[in-house]
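Report on one structure; see the data block that follows.
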Amino acid sequence: MPSPVTTISEIGKYEGQSVTIRGWLYNLRESGKLLFPQFRDGTGVIQGVIAKNAVPAEIFDSVKALTQESSVIVDGKVRADKRAPGGYELDVSNVQVIQRVSENDSYPISLKEHGVDFLMEHRHLWVRTPRQAAILRVRAEIIKAARDFLDERGFVLTDPPILTPAACEGTTTLFPVDYFDEQAFLTQSGQLYIEATAMALGKVYSFGPTFRAEKSKTRRHLTEFWMVEPEVAFATLDDLMELAETFISFLVKRCLEKRRADLQIIGRDVSKLEKVQAPFPRISYDEAVKMLQEAHTKGALETNFEWGGDLGSPDETYISSQFDKPVMVHRYPAKVKAFYMEPDPQRAELALCVDVLAPEGYGEIIGGSQRTASYDLLVQRIHEHGLPEEAFKWYLDLRKYGSVPHSGFGMGIERVVAWICGLEHVRETIPFPRMLYRLYP
């Protein structure tokens, strides 16, 4: 009777039994008449043990001659070992070699250190390493958790177009595309379109790729990234902030429950994530400015931040580093925010908006607002931003036919992955990052 085929992540269910795993050789160590091959299969890595006197000579010699990333099917008996990564080892009885990587064409990513440029040039292979694979599994968990959270709370997934006729956030960061005899743009956000579906369905969200043509090389920027964007009819800014903190807390809790082992592979200090529970601290833009100015006075920041500007990366980094959970900065000056944001009825120069800054200096992970409900005010704001009114005729219709207060936010998946995994740069948060000077592979 053939052994059951299993994955490395599930191998603990078969302790004391013979199993079959299918994967690749990650590393091979030799000690006298013992071989210690490490196999990976996409779910994890396990060490095998092969004694020369326990298997036919051809199997021992075949494994001894294996090269890194050779593909194999392995039979063996599962044995618990507390010293082993994952708590189990495999006493190997047979190895079928599917493809042996030639020494003349040796695998380019060895276990030694490589420079970032080299690794990015070989990203299609770098993703096979345990740390990179663990990051991508955490990313997948975050995406699934985001969908589960919204689906279970009555949000309807609606898909906005990727090709759009006009800007959402501003005209300077658009990728133009020839669209037959017209010019179109790659979307910056699905928000305007899901405002329309929110008026049809009440609570909606979109999840998809977005594009920004910013010529930025910071550790937080990609030109192509993924966003989840909920939008809620009749929701105020306060409703939105409550939704955001509940949402983020849910994502972190899910990763701690389901991906703790992967976070440990990555080297994340999970004790910091365990502090992330709603409610989050909330500070006004005015309070944030005061905090930054006091930091400058004490010498903690080089430049003195002046009221009226948008927070830059150093400002967000400083503010978020003062908290052990995400902090919500609300009510920015309207002039530095998007045209569609509702003014604060108490202070018209402020917008009813919020940015959620992740702790440990990771900066903005969510940006959202209450949307302008007035037709006349929205027309005025479109003109103030130098946008073509004709392109927004359909968007203005939403304020002509049953306009209501409504709110929503956008959360960048890559920035959340970077924060939850504790990564220095967003380039490791997506299988194939697109950056200012990176379009290959």
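Straight-line reach from Lys400: which lysines have a Cα under 21 Å away, not including same-chain ones fewer than 8 places off?
Of all the lysines, those that pass the test against Lys400 - Cα under 21 Å, at least 8 places apart if same chain - are Lys203.
Taking Cα atoms, how many degrees apart are the long axis of helix 237-258 and the longest axis of the chain, rounded to 10 and kept between 0 and 90?
Between the helix axis and the principal axis of the chain, the angle is about 0 degrees.
Among Phe60, Tyr340, Tyr26, whose Cα projects farthest towards the positive end of the dipole of the chain, with charges put on the beta-carbon of Lys, Arg (+1) and Asp, Glu (-1)?
It is Phe60, whose Cα lies furthest towards the positive end.
In bins 5 Å wide, starting from 0, what share of all Cα pairs of segment 8-105 does each bin hold, as a percent?
So the P(r) values, bin by bin, are 3, 14, 27, 27, 18, 8, 2, 1.
Each label point is 7 Å from the Cα along the Cα-to-Cβ direction; what then is the distance between the points at Thr20 and Leu377, in nm?
Using points 7 Å along Cα→Cβ, the separation is 6.7 nm.
Normalise the Cα radius of gyration of the chain by 2.2 N^0.38 Å (N = residues in it) and let me know the number. Don't skip to the end; give the middle numbers.
Numbers: Rg = 26.0 Å, N = 441, 2.2 N^0.38 = 22.2 Å.
Rg over 2.2 N^0.38 Å, computed on Cα atoms: 1.17.
Counting helices only, and only those DSSP H runs with n ≥ 4, report the 222 nm mean residue ellipticity of the chain as the sum of -39,500 (n - 2.57) divided by its residues, in deg cm²/dmol to the nearest 500.
Details: 13 runs with 134 residues, N = 441.
Calculated from helices alone, the mean residue ellipticity at 222 nm is -9000 deg cm²/dmol.
By how many nm would the segment from Thr129 to Asn304 grow when fully extended, if each residue of separation counts as 0.36 nm and the alpha-carbon distance is taken off? Don't skip to the answer; put the middle values down first.
Values: separation 175, 0.36 × 175 = 63.00 nm, distance 4.32 nm.
Separation in residues times 0.36 nm, less the Cα-Cα distance, equals 58.7 nm.
Using label points projected 7 Å from each Cα along Cα→Cβ, tell me how many nm separate Ala84 and Gln293, to one decimal.
In this crude spin-label approximation the distance works out to 6.3 nm.
For segment 1-94, state which GluC sites (Glu not before Pro) are in a DSSP loop and have at most 16 other beta carbons lying within 10 Å of their beta carbon. Display every interim value, and only then the final one.
Values: sites: Glu10, Glu15, Glu30, Glu58, Glu69, Glu89; in loops: Glu15, Glu69.
Listed in order of number, the matching sites are Glu15.
Taking the Cα centre of the chain as the origin, how large is its charge dipole in debye, to the nearest 20, when only Lys and Arg (+1) and Asp and Glu (-1) carry charge on their Cβ atoms?
Working: 52 positive and 61 negative charges, 313 e Å.
Once rounded to the nearest 20, the dipole reads 1500 debye.
Starting from 0.36 nm per residue, how many nanometres of slack lie between His114 and Ala261 once their C-alpha separation is accounted for? Let's see the in-between values first.
Values: separation 147, 0.36 × 147 = 52.92 nm, distance 2.48 nm.
Net length gain for the segment: 50.4 nm.
Restricting to DSSP loop positions (anything but H, G, I, E, B) with no more than 11 other Cβ atoms inside 10 Å of their own Cβ, which trypsin sites (Lys or Arg not before Pro) remain in segment 227-302?
Details: sites: Lys253, Arg254, Lys258, Arg259, Arg260, Arg268, Lys272, Lys275, Arg282, Lys290, Lys298; in loops: Arg259, Arg268, Lys275, Lys298.
Hits after loop and neighbour filter: Lys275, Lys298.
Taking the alpha-carbon distance from Lys82 and a cut-off under 28 Å, which lysines remain once sequence neighbours fewer than 8 residues away in the same chain are dropped?
Cross-link targets: Lys13, Lys33, Lys52, Lys64, Lys112, Lys253, Lys258, Lys272.
Can you list the aspartates and glutamates whose alpha carbon is less than 15 Å from that of Lys77, not counting same-chain residues fewer than 8 positions off?
Straight-line reach from Lys77, under 15 Å: Glu10, Glu15, Glu89, Asp91.
If I model a spin label at Phe432 and Glu384 as a point 7 Å from the Cα along the Cα→Cβ vector, what separation in nanometres do I get?
Modelled inter-label distance: 4.2 nm.
Using only Cα atoms, tell me the angle between helix 285-297 and the longest principal axis of the chain; keep it within 0 to 90° and round to the nearest 10.
70
Scan segment 197-284 for chymotrypsin sites (Phe, Trp or Tyr not before Pro) in coil per DSSP, keeping those whose Cβ has at most 16 other Cβ atoms within 10 Å, and list them by number.
Working: sites: Tyr205, Phe207, Phe211, Phe225, Trp226, Phe234, Phe247, Phe250; in loops: Phe234.
The qualifying sites are Phe234.
If I take R0 = 25 Å and measure r between the Cβ atoms of Glu360 and Glu214 in this structure, what FRET efficiency does the formula 1/(1 + (r/R0)^6) give, to the nearest 0.05?
Values: r = 24 Å, r/R0 = 0.95.
The computed FRET efficiency comes out at 0.60.
Any read-out appearing in this document is the output of simple, stated calculations on the displayed coordinates, not a laboratory observation. As the structure is a computational prediction, the values presented were derived from the model and not from experiment. Note that each Cβ is placed from the backbone with ideal geometry, even for glycine, and that neighbours are counted across all protein chains shown.
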